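> Below you'll find the structure I mean.
The values are calculated or read from the model by the stated rules, or taken from the named source; none is laboratory data. Everything numeric here is computed off the predicted structure, so don't read it as measured data. All Cβ positions, even for glycine, are placed from backbone atoms using ideal geometry, and neighbour counts span all protein chains on display.
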Amino acid sequence: MKFKNTTIYSTHIESPLGGITLAATDEGLAGVWFDRQRHWPDSSGWQTDAEHPVLREAAAQLADYFAGKRQHFDLPLDLSHGTGFQQAVWQALLAIPAGRTISYGALSAGIGKPAAVRAVGAAVGRNPISVIVPCHRVLGTNGSLTGYAGGLERKSALLELEGAL
């Protein structure tokens, strides 16, 4: 993922599933990546700012989530760094309630692109805001845990935490 001509602020936090890098723009939270996750962005030129208000709030809400005290996030999001198609998929992910899952096929149909299952899967895999934009709630057609950039063990742990497994 390449961020377009904007200042990116970042910080690093710890979670029960490992370290997480948070990134924000002036528009909102733009990234949540687990350490060593696939599709890591180019972070050169980012400004470290643990006191950035969006990053502080994201860290607090994620801590509550991992402690089982929160199922919904209330943060401004900046999803503008993906293609129009990716943004449509990421918006559809936001509609999947905690404790529920959906198949890649159903997600594709839900955005009006029933034949685009592979493209939807690729967009889900490129989701820049893990956990908060809940790509972990998307499963294979038979309910199998497939494809999670943060690793299947994290996907399983997130679904367990939400009561979906």
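> Would you mind telling me which numbered condition in (1) of a type in the set (A, V, I, L, M, F, W, C); (2) over 24 Å from GLY84 (Cβ atoms); (3) touching a residue at least 60 places away in the same chain (Cβ under 8 Å) VAL32 fails?
(2)
> Hey, can you tell me all the residues within the range 94-131 that are within 15 Å of the chain's Cα centre (by Cα) and surrounded by 22 or more Cβ atoms within 10 Å (Cβ to Cβ)?
VAL120, ALA123, VAL124, ASN127, PRO128, ILE129, SER130, VAL131
> What pairs come out if I take residues in the range 95-112 that are touching a residue at least 60 places away in the same chain (Cβ under 8 Å) and pair them with residues that are assigned to a helix (DSSP H, G or I) and of a type outside the set (Lys, Arg) whose C-beta lies under 8 Å away, six or more apart or interchain?
From the range 95-112, the pairs are THR101/LEU159.
The rows are residues; the columns are (1) hydrophobic (A, V, I, L, M, F, W, C); (2) part of a helix (DSSP H, G or I).
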{"residue": "LEU107", "(1), (2)": "yes, yes"}
{"residue": "LYS113", "(1), (2)": "no, no"}
{"residue": "ALA119", "(1), (2)": "yes, yes"}
{"residue": "ASN127", "(1), (2)": "no, no"}
{"residue": "GLY147", "(1), (2)": "no, no"}
{"residue": "ARG154", "(1), (2)": "no, yes"}
{"residue": "LEU159", "(1), (2)": "yes, yes"}
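> I would also like to ask the following. Name the residue that is surrounded by the fewest Cβ atoms within 10 Å (Cβ to Cβ), counting only residues in the range 34-67 that are acidic (Asp, Glu) and touching a strand residue (DSSP E or B) at 6+ places or on another chain (Cβ under 7 Å). So that I can check it myself, show each step before the final result.
Narrowing the range 34-67 to residues acidic (Asp, Glu): 35, 42, 49, 51, 57, 64.
With the extra rule that they be touching a strand residue (DSSP E or B) at 6+ places or on another chain (Cβ under 7 Å), the set shrinks to 35, 49.
Values: ASP35: 14, ASP49: 16.
In this case the residue turns out to be ASP35.
> Going by the structure shown, is VAL117 outside the structural domain of PRO16 (by TED's automatic domain parsing) and in contact (Cβ under 8 Å) with a residue 40 or more places away in the chain?
Working: outside the structural domain of PRO16 (by TED's automatic domain parsing): yes; in contact (Cβ under 8 Å) with a residue 40 or more places away in the chain: no.
No, not satisfied.
> Let me ask something additional. Cβ-Cβ below 7 Å, separation at least six or inter-chain, first residue in the range 74-87 and touching a residue at least 40 places away in the same chain (Cβ under 8 Å) and closer than 14 Å to ALA58 by Cβ, second surrounded by fewer than 20 Cβ atoms within 10 Å (Cβ to Cβ) and of a type in the set (Asp, Glu): which pairs?
LEU75/GLU57; PRO76/GLU27; ASP78/GLU27
> While we're here: Of a type outside the set (Ser, Thr, Tyr), over 19 Å from VAL131 (Cα atoms) and in a loop (DSSP other than H, G, I, E, B) - does that describe any residue in the range 80-103?
Looking for residues that are of a type outside the set (Ser, Thr, Tyr), over 19 Å from VAL131 (Cα atoms) and in a loop (DSSP other than H, G, I, E, B), one finds none in the range 80-103, hence no.
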